[in-house]
Each structure stands twice: as structure tokens, then as C-alpha cells.
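A short write-up of the structure that comes next.
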Amino acid sequence: MTPTRRAKTLSWGSGARALLLVALVALARPGLAQNGITQNSVTTTTVEDAAATDPTVKETTGPAAEVARGAAVQAATDAASLTTLEKRQQAYYSAWLDTARRAELAIDANRASDAALEQLRANLVSYRQTFMSERDKNSARIATLQAQVNALGPAPEEGKTEAVDIAALRSNLNDQLATLKVPALVAQEAYSRADGLISEIDRIIRDRQKRQLLSRGESPLTLTAAMVAVSEFNDFLRDMRNETVNSWRTARDLQRLRSNLPLILLLSAVGLLLLLRGVAWAERAGETLGRLAGRGVHVGGFVVSLGRIALPQFGLFLLTRAVHASEAVGLRGTMLLNLLPVWGITIFGFMWLGERLYSRNDREAIIPLSAPARAAMRRNMLIAALVLVLYGLVSVIETVQTIAVTTRAVMMIPVILAASWLLMRVRKLTLLSEQDGQGIPAGLRRVASTFRLLTLVIAIQAPLMAAIGYQALAEAVIFPAIMSLAVLGVVLVLQRFISDIYAWLSGKGEAAEETIVPALAGFLLALVALPVLALIWGARLTDLTELWSRFLAGFTIGDTTISPTDFLTFAVVFAIGYVATRALQGALKSSLLPRTSLDAGGQNAVVSGVGYIGIIASALVAVTVAGINLSSLAIVAGALSVGIGFGLQNIVSNFVSGIILLIERPISEGDWIEVNGQMGYVRDISVRSTRIETFDRTDLIVPNADLVSGMVTNYTRGNTVGRVIVPVGVAYGTDTRRVEGILRDIANSHPMVLANPAPNVVFQGFGADSLNFEIRAILRDVNWVLSVKSDMNHEIAKRFAEERIEIPFAQRDIWLRNPETLRAAVAPPVTTPTQPAPVAVPEAVTASKQPIPMQPDDLDAPAGEAEGEES
């Protein structure tokens, strides 16, 4: 025993036993139930005797005597039950201490077998589970008492006193608090001790497995090893034959074979019929279902295909029962017969898996290889099943017959070579299928190269390791690789089955394969397959249960322990609060707020505020219900707040700005605003940003901080009244008063223009080409400003045409110098039919193609002195 463990054991001496009697009150009930101990109440006679001996009861008569007698009986019952309970609790805790000491001795000696250690570990796990469930049993009561103590204020300092009543109350509460904390402390100590012992046992077992896996024995390729293996295998066959002959003679002599002959014949006939014809019947049933079924043909086909396993497997089971009924096999034969159904389901299951993955029907094949490749893969699946059966057969021979380690290695060499050849063949087929251009699913395509590489490494290294003596390591690599491929194949088949069910129920057909349901089903199936793969690759079931226990125990942050149960409670309560908040928002938006005088922007602000408050309240309620203590996370929260302050300051600024926008409401949903040179309608104000829909139907995402701190123009804040300005110009010489009257009539006649204030016509001034006027009018809805402007322009053009008022337009005269040079430059060269076109370009033409620089005098030349033409 180690010094630390010995000191821990001695710490629980006689001085603590009195404390344990109180502490074990909360510990014993589940522990006693696990150990078959029940609480038996004290008999009525004993209680009545105790009540009769009470002098108070004897001296009292009348109704008061009955009350006193009842109280005395109850007190005696409680005292007797408590005494009995304490004795049983003490016995349970003593049993735990004995188990812990035995575990410590076994760990220190390290001589117990793996089976003994596993049994001892199971006992420790049972105790640990009890202590874990009891350590937090009084947590609510402890929290209440602690709150009461805190309500009394801090204890007086040394040398100072407080009121007698308060001191007595404080002492009483502290005593209760200490009494309730003792069971938790005892349970925590016992839990920690049991958990440590379990970890040590797991470490010992893992170390043994590792040494066994890496141990190197004699090479099975030597002649001596082969001769010994042949000799011991012949001994096994001889012993099995002798047992069978002896059992046959005994059954024949005792007439048991004759008496069971009808049953044997019946079981054999039915078993052979199912074994030989079961697969054909299942295929025929599938074809019939395919002709009769509708949309659910794939689902029905999968269910019927299970008959390829069930019917021949049941036939094999009947044959084994027939052999057992004959009582004509010995002990070794019986053990082999018991494993025959397991080997049968392995063979039939691999055959079924091959038919589902590499179906003869191109549309039903899950892995789309070419037809010859699929046929080869179906044969490979059968070979894989036979390899696993041979591996199991060698293990059974080692169990029923005493053979040398080298003999087992010699018998396993052919099986390992067959498995290696199988993996190389599978790798070759998948490689050829990709070279031939056969498509495979995207998920399989991503892992195809890694799969082929691992297959090549395992197929080469496993036989080499077995040849040099690392037999256990070779077996631990190559056979789990085959079984892992089978598990992945089952995952693909089940994923297709779930997809077919979804397609059948939803009516989407083949389009269902493009939805998220198959992908989500594959992800969940992959998670479920992880424990299976772990067991295949050597993990113990106890390792998985230990991981699950630690997962349920949760993780600790500071002094707070968060378990999956707490997290699930938090998620459920928060989800309920979230749904209730959304329902309240919907009711406000559709039923209540439309009946108020709030505008659309105010209604949206109220709905958004209710959403924020509801989500925050839901989070707080969920934390409270889950029992998560956030006070111990203050330091962590402080550190996170500093990081948030530096790294997420922009997000926090936008969040605060969003709240300001909802409260102050400088802009609201539906407002027409202009920000950063962009105009549009406010469509949504979220926590971080605001979405603006521009007039070209694009969304502009603006951070809320820009709207609060920047320059924003709101055209519809509070109301939709706005101004329209329509400029127009007339030719010089037009009567300006007449133009003003026409424009005022046009403005007054438009229905969107308000009469008060009246529209105004402004004579802006004298332009370069026209007399400039403007119509300035106030519209009842500024959102129609473009339509109003267009209508007024149409009316202006019509009225000016009727009144013969000219709207001038700008004209420009352009003068060109040397027009003859430009004509010569663009004219085609003249050539005679008998004379070839000149190769060299004349200097004059070449010069004319260059731009003629503008001279300063050209700008000042009079019109009569310039030579050119008007264009």
C-alpha cells in the first residue's frame, strides 16, 4: 500500500466514526437498496411498550393522554428507526471501506488477473455512483441555511458581542449547516477515493494490454514451429473425433437418438430448406414488392432484403438445434456448434451488405462502381466474412485445446495473408473505378486517397509483423480494419434507408437526397458508429462507460460544475422562453399594436424591445432553473469583459447604438433616409446594423454607430410632407409674367400639391441660353416626388406648346482648320490596273495623318478670316 493511500485510510479512525453516524443518514438509502438491505420499521409491540413505560403518558388521562400516547409512539418509532438505519448505514460504509482496501492491496500487488480486476472495478463503480448521487443531495437546504446565516450579517469580531437571541440563532444555523455539510464531505471523499482506484485499475489493465500487444514471439515461418503446429492440430482433430464417437455411442446405447429422431429430422429438413432456399425466397419477395409497391418501394425493398439474413440464419439455428438434440457431439463440438450461428450471421450479413452497397441494379447501388467492379466487390464481401470466421475458429481452437503460442501463430498466418490479399484487391478495385471515370459520392471521394493509403500500409505491414513474431500486433491491425470497413458500409446503408423513408413520407422522391436530412442522418449515424469502432479497435466496454460517466459528471469552471443535465435544462428552459417571446412578439405585431395610435416605426420598436427583453429574461431564468452558479465565474467574466472591450468594441458600439435607435427613434422602419450619399427606405433595425433598401432594389447594410454619430437625412420623419422643385427655362423675349401664371396653374392643378402653403413660382434669373424659372410646391406625400415632377414636366411641355412658348436648347458652332488636308487623308489611293499599288506612303499623306496642333491665334481668329465649314 502506498503511503498516500495508507494515510488516507488511517485518517478515518475512531475519532471520525461518531461524525460518520450522522453523515451516513443521507448516504445509506440508495446504497442499502443496491446491497439488498431494506428499512424495516420497529414492530408495533415494541413501540407500544416504549410508550407504556413513559411516565408522562401514565399520569395523563383523557384526550390529552391519547395525544401524548401518539406523540410518544411516534418518538419511539423515530428513535428505533434511526438506530436501525444508523446500524445499516455503518455496515454499508464498512463494506465500502473493505472493498477499497481490497482494491488498494490488489493494485499494489499487481498480481490479480484481468477478470478479477474487472470485477473489483465493477464494485467500485457501483460505490462511486452512489457517492456521486449523494454528494449534492442537501445542496438546496445548505443554500437556504447559508442565506439565513448571511442575512444575520457578519459575525462579531473578537472581543465584541451581539444580542443573545441573534447569537443563539447564528449558533443554531451554523450547527445545522455543519451537520448537513458532513454527508456531502464524506460522499465527496469517498467518491474521490473510488474514482482514483478505478483510474489505477484501468491503468494497470491498459499497461498489460500494451505489453501483450507489443510482445514479440517466435517467428511462425520456422520449420520447427510448423511441425509443432501440425502435431497439435492433429491432436485437436483426434480429440474432437474421439469425443464425438463416444457421445454417439452413448446416445445410441441409451436410445436417446432414436427417441429424438422425429424432432431431429424435422429440424434438419426445415433448416436445410431455409438455408438453401431462404435467399432466393427473399429475392423473389423483393421483386414482387417492387412491382406492387408505389413510392415506398425502396423502404419495402430494404425491409424485405433483411430476409436474406433472417431466413438462412434461422435455418442454420434449426440445424444446430437438431445436432444438439442428437446429443452426438462432445464438449469441443458443442462449443463449436454454439458459435456456428454467430459465424452464420457474419457470412449472411456480409453477403447482404454487399448486395446493398454494390447492387446489381445500377440505380440501387450505394457506391456507384462499374458492373464488373460491383460483382467483384460482392465476392470480396463473402471472402471478408470467411476470413473473419476463420479468425474466430482459430481463437476457439485456442480456447478448447491447449496449444502453444507458435501453433496459434502458424494457424493464423494463412488467415492474415488472405486478409492482406483481400485489402489489396479492394484497393485495386476502387483505384480502377476512379481511373475509369466512375463517379463516387463527394464524401467518399474526399477520403478515397487516405483510404487507399491506409489499406496499402495495413495490407503490407500486417503479414510482415506476423512473420517476425509480432502476432498480436498484426491481428490487432488487419482484422479490425476489415470490420471497420463493414461498419462504415452499414452506416451508408442505414443513411440510404433513412433517406428513402424521408422521401417516402415527404413525397419528394429523388429530390430528397439533395436535402439536409440525409446529411444529418449520416452525421448522427457516424456518431453512433464511433463507440462501435472503438470496441473493434481494442477499447474495453468499461472504457466507454467511464467516458460516459465523466461526461455526465460535467466539467468545472472555477467553483462551478456544469453537467450535461444542467446544460440540457438550460437549453430546454431557454428554448421555451424564446418560443414564448416570439409568440408574444407575433401577438403584439398582429393584434394589439395595430389598434393603438403608434405608427409603424413605433410598433416595430416596441416589438424589437420586447424581443430583447424576453431573450435576456429567458437566459436568466434558464440559468436559475439549471442551478448554474455564476458568482464563481466573476473572475472569468471580468477577464472576458476586458477582452470584449478591446477586441469587440465596434460590435458593442453598434449594439448600444441599435438600442439608442429603438428608444430615441430618429429613424424608424419605413422611413426614407439618406446616409453617406445613399438613399433608400429603412427595412430592418437589428442589433448590430440597419438594412436600407435603395431605389434600385439593393440592400445597403449600415452599422448602427454610423446612423447615431453620422449625418443622416430623414425625409419622412414624423410625417410624409415634403417639397418638390421643378426647374424650367424659356427663350429670351418671352413674357415672364405669362410664364409665371402658367406654371402656377400647373402646380395648383396637381392633386398631390397642398393648397396651404400654396405653391410658388420663382424667377431664378437669366441663364446663358434661357430665362430660368422654378416651381416650388409642398406635397402631401414626398414619396411621390418623382411622379409629381414627371407629371408637371409633361404638363409644362403641353401648355408651352399650346401657348407657343419656346423652350430653348443650347447650340454650338465648331470650326475646322485645313479641311482639304482631312479630305486627302481619308481619300483612298488611286492605282491603275497595270501598275501595282505603291508600297511607300507619300510624305504628304503621312504628314496629314498626324494631329494638327491648335495655335493660339485659332481661338481669336474672326469668323470671316477662318476657312472651314460648319457642322
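The values are calculated or read from the model by the stated rules, or taken from the named source; none is laboratory data. In this text, all values refer to a predicted model and were calculated from it rather than measured experimentally. Counting neighbours? That spans all protein chains shown, and the Cβs are built from the backbone with ideal geometry, glycine included. Heads up: the accessible areas ignore ligands, DNA and RNA and are worked out on the full protein's heavy atoms, side chains in. Shrake-Rupley method; radii C 1.70, N 1.55, O 1.52, S 1.80 Å.
A few points about this structure:
- The one condition from (1) in contact (Cβ under 8 Å) with a residue 24 or more places away in the chain; (2) within 20 Å of the chain's Cα centre (by Cα); (3) over 19 Å from Phe302 (Cα atoms) that Leu525 does not meet is (3).
- Condition met for Ala184 (open to solvent by less than 50 Å² (accessible area, probe 1.4 Å), in a helix (DSSP H, G or I) and closer than 30 Å to Pro341 by Cα): no
- Selected residue (criterion: modelled with the lowest pLDDT) from residues of the range 230-277 that are among the basic types (Lys, Arg) and under 22 Å from Phe317 (Cβ atoms): Arg256
- Boolean, Arg88 is more than 30 Å from Gly627 (Cβ to Cβ), in contact with a helix residue (DSSP H, G or I) (Cβ under 6 Å, 6 or more places away or on another chain) and either basic (Lys, Arg) or not in a helix (DSSP H, G or I) (or both): yes
- With respect to the conditions (1) surrounded by fewer than 15 Cβ atoms within 10 Å (Cβ to Cβ); (2) without any contact (Cβ under 8 Å) to a residue 40 or more places away in the chain; (3) closer than 30 Å to Ile413 by Cα, Leu552 lacks only one, and its number is (3).
- Qualifying residue in the range 117-125 (condition: modelled with pLDDT of 85 or more, open to solvent by 20 Å² or more (accessible area, probe 1.4 Å) and closer than 17 Å to Gln188 by Cα): yes
- Asp769 vs. criteria open to solvent by 20 Å² or more (accessible area, probe 1.4 Å), at pLDDT below 90, within 60 Å of the chain's Cα centre (by Cα) and of a type outside the set (Phe, Trp, Tyr): no
- When restricted to residues that are open to solvent by less than 70 Å² (accessible area, probe 1.4 Å) and not in a helix (DSSP H, G or I), the range 135-171 contains 8.
- Qualifying position, being in contact (Cβ under 8 Å) with a residue 24 or more places away in the chain and open to solvent by 30 Å² or more (accessible area, probe 1.4 Å), among Thr542, Thr596: Thr542
- Residue under evaluation Ala328, criteria (1) of a type in the set (A, V, I, L, M, F, W, C); (2) under 27 Å from Leu237 (Cα atoms); (3) under 38 Å from the mean Cα position of the chain (by Cα), criterion not met: (3)
- Of all the residues in the range 657-693, those that are within 20 Å of Val721 (Cα to Cα) and open to solvent by less than 30 Å² (accessible area, probe 1.4 Å) number 8.
- The lone criterion from (1) under 33 Å from the mean Cα position of the chain (by Cα); (2) part of a loop (DSSP other than H, G, I, E, B); (3) surrounded by fewer than 14 Cβ atoms within 10 Å (Cβ to Cβ) left unmet by Asp696 is number (1).
- Look at the range 375-398: where a residue is at positive phi and open to solvent by less than 10 Å² (accessible area, probe 1.4 Å), no partner that is basic (Lys, Arg) and modelled with pLDDT of 90 or more sits 6+ places away or on another chain with Cβ atoms under 9 Å.
- Of all residues in the range 346-363, those satisfying the criterion of being at pLDDT below 90, open to solvent by 50 Å² or more (accessible area, probe 1.4 Å) and in contact with a helix residue (DSSP H, G or I) (Cβ under 8 Å, 6 or more places away or on another chain) are Arg356, Arg360, Asp362.
- Residues of the range 733-744 satisfying the condition of being open to solvent by 70 Å² or more (accessible area, probe 1.4 Å) and touching a residue at least 12 places away in the same chain (Cβ under 8 Å): Arg738, Arg744
- So Leu82, is it in a helix (DSSP H, G or I) and either at pLDDT 80 or above or within 29 Å of Ala553 (Cα to Cα) (or both): no
- Verdict on Pro372 being farther than 30 Å from Leu473 by Cβ, over 37 Å from the mean Cα position of the chain (by Cα) and at pLDDT below 90: yes
- In the range 317-338, the residues that are among the charged types (D, E, K, R) form Cβ pairs under 7 Å with partners that are open to solvent by 20 Å² or more (accessible area, probe 1.4 Å) and in a helix (DSSP H, G or I), at six or more places apart or across chains, as follows: Arg321/Leu267; Glu327/Ser247; Glu327/Arg256; Arg332/Asp239; Arg332/Met240; Arg332/Glu243; Arg332/Val400.
- Scan the range 310-328 for residues that are open to solvent by less than 40 Å² (accessible area, probe 1.4 Å), more than 22 Å from Trp281 (Cβ to Cβ) and of a type in the set (A, V, I, L, M, F, W, C) and the total you get is 2.
- Of all the criteria given as (1) surrounded by fewer than 19 Cβ atoms within 10 Å (Cβ to Cβ); (2) more than 28 Å from Thr402 (Cα to Cα); (3) of a type in the set (A, V, I, L, M, F, W, C); (4) in contact with a Gly (Cβ under 9 Å, 6 or more places away or on another chain), the one not satisfied by Leu339 is (2).
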